[in-house]
Amino acid sequence: MRQARTENGGGFNVVIKFIKRFYLALFFLAALGSAITTNFGGDENEMTTGGHPVKNLSGWEFIASIQTDEPICSGIILKSNSVLTTCKCGADIIKQLWPLRTEIYIIVGTHRTDNKSIGQWRMVDHVIKHPYCKKETIYQKMAGYIFDYAVVKVADFVLGANVKPIKLKTWNKRDLEFTIIEALKYSEHCEVAGWGRTVILFPTVYEEPSPVLLQMTLKLLTYDECSNIACRGGYNIPYCTSSVVLTGKFCAVPIGPGNSCRGDEGGPLVCDGYVLGLISYIKSCGEYYQPNYYARLDVGLPFIKKFVEMNSEIRTVSGFKTTILPIIVIFLTK
């Protein structure tokens, strides 16, 4: 009988331990769910992929949203009828324009894109891609696009307080290159903004674009720093170290949690009030300290300048003037 009592008591203890572990597991899952809700919630003050909503367009008067019923990507106003974006975005627009004839709009002059009664809405007319733009693979891995620039043409916007052209520190290619290299060298803190996805469903699966413009702070990385981060996890080192440089990009990481995300491509990266790059290749949206990639504006400057002031003068910050000839060639996707 003593033996039996010992065995029954042991069985009872096993059941108690199981129940305790079960409730501990439930508590852990509840806590985890709470943490996910807190850090990746759906309200505007705590977006999944980071950033905080802006109250107005102050400092972002040149930004544009490119969308159908939801954002496709972003862009930057070059002049009243021209918006700069990435070549990938341009290719995506072309796929929807022909043969589907999808209505695609460029929206400027508002930080919200959920109300057609505010801001200026224009339908896309056509897209002009950089002549050397193409997909780039290095060691059979996708590395984004080289010459990742395109210009979207629309009917004229009315320029004003909330609708202004791009602001560059200089329109001289060599000087702009120096500015970017110095910014990378000193790991400057810069700003990005967009209406991209805000919720991480699974790794690389993102949903729920923001109806309001979100802004966040990033830290620029040197090419060595970018390679060191990108090469984690067994990536091919030559691929890691060469992909960013060869595709005319630089990379940056967020100061806090989150990052730019799908739908933000083509938007501006701004340092000290001046645009230095375009959001180009989204590698991650909310994964901690993972870089995304930005197309350098100095690389695309000769192409961009053709559309800024056709048949008229370009004025830089220093007051230098030059004349650009009206040369436009429309390149369709392959």
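The values are calculated or read from the model by the stated rules, or taken from the named source; none is laboratory data. Bear in mind the structure is a predicted one, so any value in this text is a computation, not a measurement. Cβ sites come from the backbone with ideal geometry, for glycine too, and all protein chains shown count toward neighbours.
The table below lists the values:
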quantity	calculated
Top-ranked residue of segment 165-190 - restricted to ones that are closer than 30 Å to Glu208 by Cα and crowded, with 17+ Cβ neighbours inside 10 Å, ranked as farthest from the chain's Cα centre (by Cα)	Pro165
Matching entry among Thr85, Thr48 (being in contact with a Cys (Cβ under 9 Å, 6 or more places away or on another chain), modelled with pLDDT of 95 or more and either hydroxyl-bearing (Ser, Thr, Tyr) or surrounded by 18 or more Cβ atoms within 10 Å (Cβ to Cβ) (or both))	Thr85
Residues within segment 266-302 that are in a loop (DSSP other than H, G, I, E, B) and either charged (D, E, K, R) or at pLDDT 95 or above (or both), tallied	3
Residue, nearest to Leu57 (Cα to Cα), within segment 247-267, restricted to residues that are out of contact with any Ser or Thr (no Cβ under 8 Å at 6 or more places or on another chain) and not β-branched (Val, Ile, Thr)	Arg262
Exclusive hit being surrounded by fewer than 22 Cβ atoms within 10 Å (Cβ to Cβ), modelled with pLDDT of 95 or more, out of contact with any helix residue (DSSP H, G or I) (no Cβ under 8 Å at 6 or more places or on another chain) and not hydroxyl-bearing (Ser, Thr, Tyr), set Gln96, Gln140, Gln120	Gln120
Residue, surrounded by the fewest Cβ atoms within 10 Å (Cβ to Cβ), within segment 197-221, restricted to residues that are at pLDDT 70 or above and in a loop (DSSP other than H, G, I, E, B)	Pro211
Filter result for the condition that a residue is acidic (Asp, Glu) and at pLDDT below 95, over Asp156, Asp114	Asp114
Check on Thr102, crowded, with 20+ Cβ neighbours inside 10 Å, modelled with pLDDT under 95 and under 19 Å from Asp69 (Cβ atoms)	no
Residue satisfying all of: in segment 222-237; part of a loop (DSSP other than H, G, I, E, B) and at negative phi; modelled with the highest pLDDT among these	Thr222
